Each structure stands twice: as structure tokens, then as C-alpha cells.
Amino acid sequence: MSRVNVSWIIAVLAVEFATLSAVRAHSCHEVKTAFQVRQIGPLKWVPETPATDVDLSVCKHTGPSCCTRKMEESYRAAVLRDTTQNIRLYSFELKYLISTHATAFQDTFQSLLSFSQSHLFSLFETMYTSLLPSVSPHILCLYTDLSHYLQGTGNVSVETAVHCFFDSLFPLVHTHIVNPSMAESIGTGASGDSQLGDCLRMTRQDVNPFGPHPRTMTAELVSALQAGRALSIALAVGSEVMNVTDMAELSKECVRALVRMQYCSHCRGLTLIRACSGLCLNVMRGCLASLSEIHAPWRQYVNILQDLARMVAGEHNLELALLGIRGHVEEAILYAQLHGRRITATVDKVCGHSSNVSSTTVRTFSSSSVTPPPTNSTLDVPGADKIGMLKHLHRDFIEYMSRYKSIFNNLPEKLCEAEMGVDELTCWSGDDVVQSYNARVVGGGVRAQRQNPELRVRGVDPLILDVKARLELFNQEIQEVLPGVGQGPSWDEPGSGVENSGDCDDEDGCEGSSGEPEVTPPLTEADLSKNTVNVPAHESPMVREKPTSDASLSIASVIVITVGLWLQCCFI
């Protein structure tokens, strides 16, 4: 009797287990859970059990399906939202890098300008106190123009700003230092109210009272500030490019392919299987084909950025150029003192106003006429803490930007590595569960998508075409202003591997020639000091300038002259 009962119990349990298995096999419970966890849409749209003859446009299947038409619409919205968010996450770090370094460079530029301005003021405070009230507005005007030029705002010329400063300085030096007895003839204030002052300003370049020093100062500042201005404008262009690319939209064909790759497996109850890496690469390269078209001009743009950063901190050292202003002005005034009689004679012939002076007094330095500079004055000057910052800033910037030279070309791989392209025993091919993806894996770019088996790419997004054209134009304009910039040897970013190009059948993607331009020899000082082509200002934000003279002091010369003058002031 007991054996009969045991057999009966086993039979009943077997029937119930088979029934339970059949119920679970025909349930959409796991699909509903995934629908809820991923916040795709209302749960009421998910059926309890699979249905047949469902009207689907993307995830078509002859057998039972856990999907409905409304679920497909929700899947479209979900892949569009998630993919766009993932793309922006990868670009956010680059946007942040560009914007923060743009701010850091500008802060350093302005601090150096402030320090240089205070350094020049101290020259007149300690050595030429009688000129300080009159020369102060002209110093402020000079540094305001230099600041605007470095920021890339306004139609400001370094050459004009320097000439204007020395034109205004000449009447003051001539009447207060070279001929101090003439000061009363034009008043103790600014010299702009007298005919003599106007004549001296207009004839300064012909009289040449300051010797070669204004030309030397102009050449050094044009060289250094031109690179700084180009860097400021380039960083602004980079931020603009990243903002525009964030606005690029995914096409309808792309969204359909994304749904097929990520969610069509859910319609069969397969919520845990991942897309094959080859499928992911084809879909992502097709979706981002337009962005890949920016790769070549963007890579050139990054090379330009890196060269400009090196120039600002290196061969066209902005710090030394700005800190050398005081030395040039001091040398110019000394030159006028030493050549006072010749200058006065020339002024008498040109302006005819100083003949009433009985004698010309040429002032020289003496222990009684020079006030020693205050101790620890450098520590109290605004911007002193930024001295030496450019070297550290440019090194970090170059290293960081190297990682993003191929961001637009490598973005599909990055997205697949992080989200979908997982190596497993089986994967989703877009139609079924397979052991490997057998279709062709295409390369990046619009042209390569002609062979893409997963989606059709109709052409380049007009928005991206506009960005590409603007980048190419900007690169061309920079190279017109600073020939050779961005065309030197290029180093690939660490860990990026070889660039992908063309078609291939490899599951992991394509490897081949990157199609980079031929490498040219590195820049030399002679290359960068050549006169550039004159281009109308309205054609480019860059100011095309030619130094008025090839004579320029080397970095060592600036340091030697500055130290020598400082010692002269302190010990004579």
C-alpha cells in the first residue's frame, strides 16, 4: 500500500513540474523585469505571455514574441537616449579639459600681463618719478591692448600698441629727461595739449630717439603674443566644435539598428545575452560615420594646439617677452639720454620749438638721482605667483590632449568595449543566438559604410560637414599666420594602437594605415620668424602681423640686459 502511495506522489510531482516548466517557458516575466529595471516604458505594454502574429517593424520573428508595437517605440526612445548619453559622457571629459585649460591659460596670460605692467610702473616709480603721472595712462593703454590681443578679441595690433606707447613716451622723455628745463613749456601734465607734444609724437619714428629698442620690443612681443593669441582662439574653436558635435543626431536607420542589436533578443525572452562585438562595431561605426569624418582635421587641430602650447612656453616664450618690456623701455630711455644733443638738434629742425632753450641738459645716472627699488617688491606684485606656470601648464595640456587625437575615430570601439562588445561563448547576431558573428566588419568613415551589412548610411550629417569645413579652414588660417605649426612629427596617443581604415573581416575590427599626412621636418626658429602672408583681417580671427625688423634679442640677451640694468641701478 505504501509503495502505491509513493508512486502516485512521484507521478503527481512530475506532472506539476512539467506544467510549471511549460508555464515559465511561455512567460514574459523576465522581459517585463528588464523593461522596468532599464526604465524603458510602462509595464502595462509588456504582455504576460508571448503572442504570435504581432505587428512589429524592427524585431520581426515568425515564432512567439514578448514584444508589442508600443514596446518597440519605447525601445527606440531608450536606445536613442542611452546611446546619446554614452557619446556625451565620452566627450564630456574632453570638453572639460579644453574649457578648463582655456581658462587656466587666460588666467596665466592676464597674471603675467599684470606682473609685467607693475614691473614697468616700478621703473618710473623708482627712476623717473617726474614722468609717472603723465606716463601712467599710456602704460595702461599699452597693456589693455596687449590683453585684448591675447584674448583674441577686437581688432588690435601689437605693433600699433607698441608704437603708440613710444610715440606718447617721446614728448615726456624729451622735455622731462633730455631737456628738463623744457618741461614747463608744455606743462607738467600730459603732453597732448601742446603743439610741441603733437609734433614729437608724429615725428618719433623719423627722429628715432629710442634707437632700435622699440623695434626689438615689437618683434619679440609679436612673436610671443601671436602664439598666445592663436592658442586662445584655438581653444575657443575646440570648445565650439565639441558643443556642435554634441548636437549631432542619430539617424532613423541607426536607431533601428540599435534596437535590433540591443532589444530584439528580449522579444524572444533572452534578456541576458549580449550583442556580438562584430555586430556592435558595424552598428556603431554606421551610426557614428559622420563623426569619423572629423578625424583628420581634428587630429591636425590637436597637433596645432600642442605646437602652440610649446611655442608659448618654449621658443616664443611669453613670460620672457612680457617681463622684458621694462628692460626695453629702460634701454630706450637710456638711448635717448645718451643721444640727447642729436635728438634736440633734430627736433629743432623738425618742430622748431626748442631753440629758446639756452642749453641742452643730458641727464645721466648718479647715486642721488636713482631711488633703489623696495625690498621684496616682486612678492607684492600681482601675478608674481604665475611666473613659471606656463611650463607646467603646457606639459599637462599636451599630455592630456594626446589621448584625444583619435576620439572621433575610436569612439565606436570605446562604446562597444564599455557597453556591448563582450567576448562570450555565444552572442546575439541581430537575428539569432550564434557562436560567432560571420558578417563582414567594416571600417570607420562614411565611404566604408557602403559595405555595412547592418544599416545604410545615406551621407554625412550637414551639421558635421559644417564643423569639418570650419576646422579645416581654421587649421589653414593658423598655418598661414604661423607657417609649419601642426605639421611636425606626430606621436600617437598612448594605448590607442594603429588607426583603423577601410574594410576587413576581423571580428575585433580593422587594422591598417591611418592615412596620415607625410611627416615634415620639425619647426626651427628661422621657420617661425619668417614674415607671413598678408591676409585681410575680416577673413580670419587671427591678426596677420609682420615684425618691423628681423633684429630680436635672444632669451639669454634679455636676461643679461635686465640683470645688468638692475645691478647698475643698485650699485651706481
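Which ones in region 474-506 are at pLDDT 85 or above and either over 20 Å from Ile407 (Cα atoms) or over 19 Å from the mean Cα position of the chain (by Cα) (or both)?
First, the residues of region 474-506 that are at pLDDT 85 or above: 474-485.
Result: Gln476, Glu477, Ile478, Gln479, Glu480, Val481, Leu482, Pro483, Gly484, Val485.
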> Taking Ala230, is it open to solvent by less than 30 Å² (accessible area, probe 1.4 Å), touching a His at 6+ places or on another chain (Cβ under 6 Å), among the small types (Gly, Ala, Ser) and under 30 Å from Phe105 (Cα atoms)?
Replying inline: no
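Scan region 42-56 residue by residue and report those that are surrounded by 11 or more Cβ atoms within 10 Å (Cβ to Cβ) and assigned to a helix (DSSP H, G or I).
Residues of region 42-56 that are surrounded by 11 or more Cβ atoms within 10 Å (Cβ to Cβ), as a first pass: 42, 45-51, 54, 56.
Correct list: Trp45 only.
When you check Asp145 against the structure, is it surrounded by 16 or more Cβ atoms within 10 Å (Cβ to Cβ), at pLDDT 90 or above and over 28 Å from Leu393 (Cβ atoms), yes or no? So that I can check it myself, show each step before the final result.
On the way: surrounded by 16 or more Cβ atoms within 10 Å (Cβ to Cβ): yes; at pLDDT 90 or above: yes; over 28 Å from Leu393 (Cβ atoms): no.
Criteria not met by Asp145.
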> Hey, among Pro133, Pro171, which residue is open to solvent by 30 Å² or more (accessible area, probe 1.4 Å), part of a helix (DSSP H, G or I) and closer than 19 Å to Arg326 by Cα?
Replying inline: Pro133
> Residues in region 84-100: is at least one at pLDDT 85 or above, more than 30 Å from Ile294 (Cα to Cα) and open to solvent by 60 Å² or more (accessible area, probe 1.4 Å)?
Replying inline: no
> Gly238: part of a helix (DSSP H, G or I), more than 30 Å from Pro50 (Cβ to Cβ), in contact (Cβ under 8 Å) with a residue 12 or more places away in the chain and among the small types (Gly, Ala, Ser), yes or no?
Replying inline: yes
>> Tell me yes or no: at least one residue of region 394-406 is at pLDDT below 90, open to solvent by 30 Å² or more (accessible area, probe 1.4 Å) and over 21 Å from the mean Cα position of the chain (by Cα).
In response: no
> Checking Ala439 against (1) open to solvent by less than 10 Å² (accessible area, probe 1.4 Å); (2) touching a Pro at 6+ places or on another chain (Cβ under 9 Å); (3) under 25 Å from Arg268 (Cβ atoms), which test does it fail?
Replying inline: (1)
>> Restricting to region 310-342, name every residue that is in a loop (DSSP other than H, G, I, E, B), crowded, with 21+ Cβ neighbours inside 10 Å and at pLDDT below 90.
In response: His316, Asn317
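Conditions (1) modelled with pLDDT of 95 or more; (2) open to solvent by 50 Å² or more (accessible area, probe 1.4 Å); (3) under 35 Å from the mean Cα position of the chain (by Cα), marked per residue:
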position	(1), (2), (3)
Thr203	no, no, no
Val207	no, no, no
Met217	yes, no, yes
Gly238	no, no, yes
Val244	no, no, yes
Leu250	no, no, yes
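The values are calculated or read from the model by the stated rules, or taken from the named source; none is laboratory data. These figures come from a predicted structure and were not determined experimentally. Methodologically, a virtual Cβ is constructed for each residue, glycine included, from the backbone with ideal geometry; neighbour enumeration extends over all protein chains shown. Areas reflect the complete protein model, heavy atoms only, side chains present, ligands, DNA and RNA absent. Shrake-Rupley method; radii C 1.70, N 1.55, O 1.52, S 1.80 Å.
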